[in-house]
Structure formats: structure tokens, C-alpha cells
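**Student:** Here's a structure for you.
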Amino acid sequence: MLLYTTTLRDESRSAEHEDMKRRMHALAESVPGFLGEEEYRNEADGSLLGILRFENEAALAAWRDHPDHAAVHNLGVDSVYASYTVEVFERVRDASFSWEPTAKGD
């Protein structure tokens, strides 16, 4: 799993950033082992928190090392981002719960 945060240099970069995100999401979806993506905007400072989930580190590396990713990364550093961070995590364990109503309405 990859956790990233980005902050734009200024709002004039929003359209360019949206295009970058669209391209990287399409690339991630093309990688076998991609499990999904979520994004959350911090309204206070405008930063974006994103989570990319991959089946394993090899799948993440295939996305990370793709030439299109490198080009978008360079564009972000050169002209779009004021700051960014990336953290990679390994799942140690997981648990889940899903409530399903019964016919009695429980």
C-alpha cells in the first residue's frame, strides 16, 4: 500500500494536477495486482491524501517504475507541487466486518 500527500504550488495548477491524477489512475488500473485507490482532500490547507492499494510490492513497483509514471512525477516536481510525501506500507494483518440485515429486520 502506498500513501501519498500532495500540495499544489497554487490553484492555477489544479487542471494540470487533475490530468496527472487521471493518467496515473489509468496506469495503476492497467497493472495486474492493482486493488484500488482512495483520495481525501484536506479543506483546511488544500492538500490531498491518496491511498493506492496493490496486491504485492511487485505490482506497486511495476506502477512506480513505469516510464509514464516517471514523466508525471518529474512534471509534478518541476512545476505542479509545492510539496509531496510518499510512504509505502506492508500489510501485517487485516480484519473486516459487514452487517447484513436479516428478514426479521435485525
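The values are calculated or read from the model by the stated rules, or taken from the named source; none is laboratory data. Every value quoted in this text rests on a predicted model; they were computed, and no experiment measured them. Because the Cβ atoms are built from the backbone with ideal geometry, glycine has one as well, and the counts that use them run over all protein chains shown. To get the accessible areas, we keep the full protein, side chains included, count just its heavy atoms, and leave off ligands, DNA and RNA. Shrake-Rupley method; radii C 1.70, N 1.55, O 1.52, S 1.80 Å.
**Student:** Could you grab me the full set of residues in region 68-106 that are surrounded by 10 or more Cβ atoms within 10 Å (Cβ to Cβ), among the small types (Gly, Ala, Ser) and without any contact (Cβ under 8 Å) to a residue 40 or more places away in the chain?
**Tutor:** If the condition is that a residue be surrounded by 10 or more Cβ atoms within 10 Å (Cβ to Cβ), among the small types (Gly, Ala, Ser) and without any contact (Cβ under 8 Å) to a residue 40 or more places away in the chain, then 70, 71 are the ones that fit.
**Student:** Scan region 3-51 residue by residue and report those that are of a type in the set (A, V, I, L, M, F, W, C), under 9 Å from the mean Cα position of the chain (by Cα) and under 15 Å from residue 76 (Cβ atoms).
**Tutor:** Listed by number, the list holds a single entry, 24.
**Student:** What number of residues within region 29-67 satisfy the criterion of being in a helix (DSSP H, G or I) and open to solvent by less than 50 Å² (accessible area, probe 1.4 Å)?
**Tutor:** Restricting attention to region 29-67, the residues satisfying the condition of being in a helix (DSSP H, G or I) are 29-30, 57-64, 67.
From what's left, open to solvent by less than 50 Å² (accessible area, probe 1.4 Å): 59-61, 63.
Qualifying residue count, region 29-67: 4.
**Student:** Among all residue pairs at least 6 apart or on different chains, which show Cβ distances below 9 Å where the first residue, located in region 1-24, is among the small types (Gly, Ala, Ser) and surrounded by fewer than 16 Cβ atoms within 10 Å (Cβ to Cβ) and the second is in a strand (DSSP E or B) and at pLDDT 95 or above?
**Tutor:** 14/8
**Student:** If we scan region 91-98, do we find a residue that is in contact with a helix residue (DSSP H, G or I) (Cβ under 7 Å, 6 or more places away or on another chain) and not in a helix (DSSP H, G or I)? Quick ask: steps written out before the conclusion?
**Tutor:** Looking only at region 91-98, we keep the residues that are in contact with a helix residue (DSSP H, G or I) (Cβ under 7 Å, 6 or more places away or on another chain), and these are none.
Taking every residue of region 91-98 in turn, none turns out to be in contact with a helix residue (DSSP H, G or I) (Cβ under 7 Å, 6 or more places away or on another chain) and not in a helix (DSSP H, G or I).
**Student:** Now for a separate question. Read through the list (1) under 16 Å from residue 3 (Cβ atoms); (2) among the β-branched types (Val, Ile, Thr); (3) in a loop (DSSP other than H, G, I, E, B), then give the number of the only condition that residue 85 fails.
**Tutor:** The one condition residue 85 does not meet is (3).
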